[in-house]
Amino acid sequence: MSSLKSLVSEVERLRTSPGTDLELVSALNRLAGAEYRNSPENARRHAEEALILARKLNDDSSIASSLHMYGTTCWVKGDFEKALENYRSALIIWEKLGDKQGIAGTSNNIGNIYRDRGNYSEALDWYLQSLQIKISIGNRKGQAISFLNIGNIYRQQGLFEQAGENYAEALSLYEEFEDDLNIAKCYNNLGLVQAQMGNSQLALEEHRKALAIRQEIEDSYGLSNSYGNIGSILGELKQHTNAREYFTKALELKEKLLDSRGISISCSNIGSTFLKQKQYNMASEFFTRGLQVAADIGARDLEAICMYQFSELFEARENYKQALDYLKKYLKIKDNLFSEDSREKIAVLSVKFGTERKQMEADNFRQKNVELRKIMDQQKIAEIELEERRSELEKVVQERTAELMKVNRGLETEISERMTAEQALIDAENDLKASYDMLEKSFKGTICTISKIVEMRDPYYQGHHLRTADLARSIAVEMKLSEEQIQAIYFASIVYGIGKIKIPQEFLSRSGKLSEIELKVVRTYPQNGYDILKNIEFPWPIADIVLQHHEHIDGSGYPFGLKGNEIMQEAQILCVADTVEAMSSRRPYRPPFNLETTVEQLKQRSGVLYGSRSVEACLAVIEQGRFSPREDYAGTEQFRADR
């Protein structure tokens, strides 16, 4: 507050001092920068005054600074179009002046606009441009801002480890600068990561650290966020009345701050507490307001949240038609958001901008950024992206097949010219083996690529498919199946989850119970996987195995309710291997099971859910020590089948 008062005094002094107009512009912009979170109207008025004076002075640098500041006051109020207009005008001037500091700052804020509108790909592009410049000019404070923003993108995509690393790096820098405002922001974001990972108590600790700092420095905007975040955790703990008290505090501050985005979020949160307590009319009232505000500012991610909440509301009222209609609207918006910013791209960025960022030379960094931008430019909307990937994979297989045929034709000619039939046969066998190895390597590369895509989509499943594949192969070997069947089972086990790429990520990582409608959506993934894989010319029936791997012997499985021998032997084996590996691993909605519990559950369900031959072979593999649980045992409750 003392800093704000000194800025006000400086502005008043400069207004009455002749020949200090340029200094006054700078002071007005700094004052607006100190006010825009907690007093957005005052900030906007001061930024507008600075812009008018800068244009009167015809000073390009002052005009660009004022445009940037005025754009920021528009952004805070949710006027995204006006904010973008001013930021872009400022950027043109910065580029003309060659002012890298200005370019970096404005590029970062343009990224904020695209992030808030749900266009994560475009946001990330601007953040990386900004970070690249900050590294080249040694701007460490600016780098801290970029680490925070890139961390936000990772968090929104469910890549929590990478998000936490970026937040921790930003926190280290802000502690070095003794910047309490942003230290609190780092604690706040670390709390969000812990909450999304299901660690409620750790999340509360981080948010309370942020709250204490924000109360001390009287940061109204930050306080409103802390109240909302603490309310969300209390809601997860089913303390809905207490949660609503915090959400209401947040809403009151957001309304004073004229923070449209925050108002929409707060209304949605309050509505959720009423929904949980079956006060449906109150829930509808707040959801309606939240949706209207989100639509007014063009915040598509918030519109998606409201659509989903309305779906839950109508389902609770047993109006399933309306519930399904709103769920479809929600999924449509989410599909569009993910088409603009695929998780594959974010995973690439995690590799490229990891621990080596600080050591990169500016030119090398710029080159890597160009490569990343090229990758992002190649992304299409979700359905087109999937179709193109399928076509590309099919093309690779066809090309490798064509190469093999070409090699074979060459071998036929060469064989006819051999000195002896014996030598020709030996050479031909060697060359054919090499060609086959080349083709098999291509298939394996294709399949591993698909597996990586799946695990980027659902971080709780990282490594699951390879472990499942190893176990499935061991079961098949124990059953003395043919080498062809063993290969089919192994590779199908690696890619069986590809259909999850079309399932909303929050459904997959939900720590609580899914609704019936949500569960139906999740259970479409075997059919989704089949649709993606069916036209790829694998030498094994991979698509069919993927389609049937959730079918049960008694007909209780999905998608078709097949029974007994109607289910492929390979799919029965994959079902058992997937179940055992899943029970042994942590999931967002339960801890892992010990091996004894897993074995007992298998025995009970043998011949009911799972094929008895497959179970018998699996138990033999476990008894021989050829399978070990992924994590230490952490619970004994009744097993609930993986989604």
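Touching a Ser or Thr at 6+ places or on another chain (Cβ under 8 Å), assigned to a helix (DSSP H, G or I) and in contact (Cβ under 8 Å) with a residue 12 or more places away in the chain: which single residue out of A210, A170 fits that description? Walk me through how you get there before you give the answer.
Details: A170 fails: touching a Ser or Thr at 6+ places or on another chain (Cβ under 8 Å).
Result: A210 is the single residue among A210, A170 that is touching a Ser or Thr at 6+ places or on another chain (Cβ under 8 Å), assigned to a helix (DSSP H, G or I) and in contact (Cβ under 8 Å) with a residue 12 or more places away in the chain.
Could you grab me the full set of residues in segment 149-167 that are over 21 Å from Q129 (Cα atoms) and part of a helix (DSSP H, G or I)? Passing the criteria: F160, E161, G164.
Going by the conditions given, is I233 among the aliphatic types (A, V, I, L, M), over 20 Å from V76 (Cα atoms) and touching a residue at least 12 places away in the same chain (Cβ under 8 Å)? Yes; evaluated as a whole, the condition is true for this residue. Does A195 satisfy being modelled with pLDDT under 90 and either polar (S, T, N, Q) or surrounded by 20 or more Cβ atoms within 10 Å (Cβ to Cβ) (or both)? So A195 passes the test. Would a scan of segment 547-562 turn up a residue that is modelled with pLDDT under 90, under 35 Å from the mean Cα position of the chain (by Cα) and surrounded by fewer than 20 Cβ atoms within 10 Å (Cβ to Cβ)? The answer is no; no qualifying residue exists. If the condition is being surrounded by 13 or more Cβ atoms within 10 Å (Cβ to Cβ), modelled with pLDDT under 90 and closer than 24 Å to S556 by Cβ, then segment 602-640 contributes only F639.
Of R37, R30, which residue is within 36 Å of the chain's Cα centre (by Cα), charged (D, E, K, R), surrounded by 17 or more Cβ atoms within 10 Å (Cβ to Cβ) and farther than 21 Å from K256 by Cβ? After ruling out the rest, the residue left standing is R30.
Test I501 against the criterion of being closer than 30 Å to F160 by Cβ and surrounded by 16 or more Cβ atoms within 10 Å (Cβ to Cβ), and give yes or no. Spell out how you get there, then give the answer.
On the way: closer than 30 Å to F160 by Cβ: yes; surrounded by 16 or more Cβ atoms within 10 Å (Cβ to Cβ): yes.
In short, yes.
Looking across segment 230-239 at every residue that is outside any helix (DSSP H, G or I) and not polar (S, T, N, Q), the one that is nearest to the chain's Cα centre (by Cα) is identified as L237. When I135 is tested against (1) more than 16 Å from the chain's Cα centre (by Cα); (2) farther than 28 Å from R117 by Cβ, exactly one condition is not met: (2).
Quick one: would you say S482 is farther than 30 Å from A620 by Cα, among the polar types (S, T, N, Q) and out of contact with any Ser or Thr (no Cβ under 9 Å at 6 or more places or on another chain)? First the steps, then the outcome.
Values: farther than 30 Å from A620 by Cα: no; among the polar types (S, T, N, Q): yes; out of contact with any Ser or Thr (no Cβ under 9 Å at 6 or more places or on another chain): yes.
Judged against the criteria, S482 is not a match.
Restricting to segment 281-302, and then to whatever is buried (at least 22 other Cβ atoms within 10 Å of the Cβ) and under 20 Å from the mean Cα position of the chain (by Cα), can you tell me which residue is farthest from L331 (Cα to Cα)? Step by step, filter segment 281-302, then rank; the result is A299.
With K82, K96, K56 as the choices, which residue is touching a Cys at 6+ places or on another chain (Cβ under 6 Å), part of a helix (DSSP H, G or I) and either farther than 22 Å from Y221 by Cβ or modelled with pLDDT under 95 (or both)?
On the way: K96 fails: touching a Cys at 6+ places or on another chain (Cβ under 6 Å); K56 fails: touching a Cys at 6+ places or on another chain (Cβ under 6 Å).
None of the others qualify; the one that does is K82.
Taking the condition of a type outside the set (S, T, Y) and either outside any helix (DSSP H, G or I) or touching a Gly at 6+ places or on another chain (Cβ under 7 Å) (or both), does G191 pass? No. Looking at this structure, is S6 more than 18 Å from Y221 (Cα to Cα), small (G, A, S), within 44 Å of the chain's Cα centre (by Cα) and surrounded by fewer than 18 Cβ atoms within 10 Å (Cβ to Cβ)? For S6, the condition - more than 18 Å from Y221 (Cα to Cα), small (G, A, S), within 44 Å of the chain's Cα centre (by Cα) and surrounded by fewer than 18 Cβ atoms within 10 Å (Cβ to Cβ) - is met. For segment 293-333, a residue qualifies if it is among the polar types (S, T, N, Q) and touching a residue at least 24 places away in the same chain (Cβ under 8 Å), and the qualifying residues are Q309, S311. Within segment 244-261, how many residues turn out to be in contact (Cβ under 8 Å) with a residue 40 or more places away in the chain and under 12 Å from R37 (Cα atoms)? Summing the residues that are in contact (Cβ under 8 Å) with a residue 40 or more places away in the chain and under 12 Å from R37 (Cα atoms) in segment 244-261 gives 3. Out of everything in segment 199-229 that is among the acidic types (D, E) and within 21 Å of I265 (Cβ to Cβ), what residue ends up being nearest to the chain's Cα centre (by Cα)? Here the answer is E206.
Among the residues here, Y227 qualifies as of a type in the set (F, W, Y), part of a helix (DSSP H, G or I) and in contact with a Phe, Trp or Tyr (Cβ under 7 Å, 6 or more places away or on another chain). Taking each residue of segment 514-531 that is under 17 Å from I498 (Cα atoms) and looking for partners that are of a type in the set (V, I, T) and assigned to a loop (DSSP other than H, G, I, E, B) with beta-carbon atoms closer than 9 Å, six or more apart or interchain, yields V521/I503; V522/I503; T524/I503; Y525/I503; N528/I503. Taking D21, is it among the acidic types (D, E) and over 28 Å from D180 (Cβ atoms)? So D21 passes the test.
Using the structure shown, decide if S172 is surrounded by fewer than 19 Cβ atoms within 10 Å (Cβ to Cβ), modelled with pLDDT of 90 or more and either under 21 Å from the mean Cα position of the chain (by Cα) or not aromatic (F, W, Y) (or both).
On the way: surrounded by fewer than 19 Cβ atoms within 10 Å (Cβ to Cβ): yes; modelled with pLDDT of 90 or more: yes; either under 21 Å from the mean Cα position of the chain (by Cα) or not aromatic (F, W, Y) (or both): yes.
Yes, satisfied.
Residues in segment 241-280 that are part of a helix (DSSP H, G or I), more than 15 Å from A294 (Cα to Cα) and among the polar types (S, T, N, Q): 5 in all.
The values are calculated or read from the model by the stated rules, or taken from the named source; none is laboratory data. The model shown is predicted, which means the values in this text are computed figures rather than measured ones. Note: ideal-geometry Cβ built from the backbone for every residue, glycine included; neighbour counts use all protein chains shown.
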